[in-house]
Amino acid sequence: MQESEFWAFETYGEPMAVLRRERESWREPGAGQVLVAIRAIGLNRADVLYVRGLHFPPDHLPSGVGVEAAGEILALGEGVAGQGDWTVGQRVCLLPMAIVPKVQGAFRQVGLYDLSQLLPAPPDHSFAEAAAL
């Protein structure tokens, strides 16, 4: 089983003081899910306020962080291939309002997301530009 890293926090505070890198094993995508290698993230004021507990704070800790990212598909769960042109290697963006930071968070190397939380990245955009969308 492969491992990747992600950022999380156990207590509210200044991001540099409370954020820590964690390790987790990749899980295979289930039905309707997609495994995504994150290549770029968006960091904004809301993320800082979230870690401080001032912007839609999670109802429990520990929590992941971040909702904006772009990457490429590593694996498709059952039924995903039949729901459009989704393919391994395809560039995708996360839909920020569909991401639950405490559970998924975008500040990670690899993430498991529902297909409804993704959309294809514009082919003429870099990963950084796509994450900013």
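What nm distance separates the two modelled labels at Glu3 and Leu43, each placed 7 Å from Cα along Cα→Cβ?
2.4 nm
What number, in nm² with one decimal, is the all-direction average of the projected area of the convex hull of the alpha-carbon atoms of region 26-101?
With the hull built on Cα positions only, its mean projection is 5.7 nm².
Going by amide H atoms built from the backbone, whose H comes under 5 Å of the H on Leu118, apart from near neighbours?
Leu95
I need the GluC sites (Glu not before Pro) found in region 62-133, filtered to DSSP loop residues with at most 16 other beta carbons within 10 Å of theirs. Kindly include the intermediate steps, with their values, before the conclusion.
Details: sites: Glu68, Glu72, Glu78, Glu129; in loops: Glu78.
The qualifying sites are Glu78.
Take Ala128, project a point 7 Å from its Cα along the Cβ direction, then tell me which residues of region 1-19 have their backbone nitrogen under 13 Å from it.
None, by backbone N distance to the label point.
Based on DSSP H runs of at least 4 residues, each adding -39500 (n - 2.57), what is the mean residue ellipticity at 222 nm of the chain after dividing by all its residues, to the nearest 500 deg cm²/dmol?
Estimated from H runs of four or more residues: -3000 deg cm²/dmol.
Just the number, please: Stokes-Einstein D of the chain in µm²/s, Kirkwood Rh from C-alpha pairs, 25 °C, 0.890 mPa s.
164 µm²/s
Provide the per residue accessible area, probe 1.4 Å, for region 84-133, rounded to a whole number of square angstrom.
Using a 1.4 Å probe on heavy atoms only, each residue of region 84-133 averages 50 Å².
Where the accessible area of the chain is counted over protein heavy atoms with a 1.4 Å probe, how much of it, in %, is carbon and sulfur? Don't skip to the end; give the middle numbers.
Numbers: 4050 of 7300 Å².
Heavy-atom surface of the chain belonging to carbon and sulfur, 1.4 Å probe: 55 percent.
The values are calculated or read from the model by the stated rules, or taken from the named source; none is laboratory data. What you see is a predicted model, and the numbers here were worked out from it, not measured in a lab. All Cβ positions, even for glycine, are placed from backbone atoms using ideal geometry, and neighbour counts span all protein chains on display. Accessible surface is based on the protein model in full, side chains and every heavy atom, while ligands, DNA and RNA are left aside. Shrake-Rupley method; radii C 1.70, N 1.55, O 1.52, S 1.80 Å.
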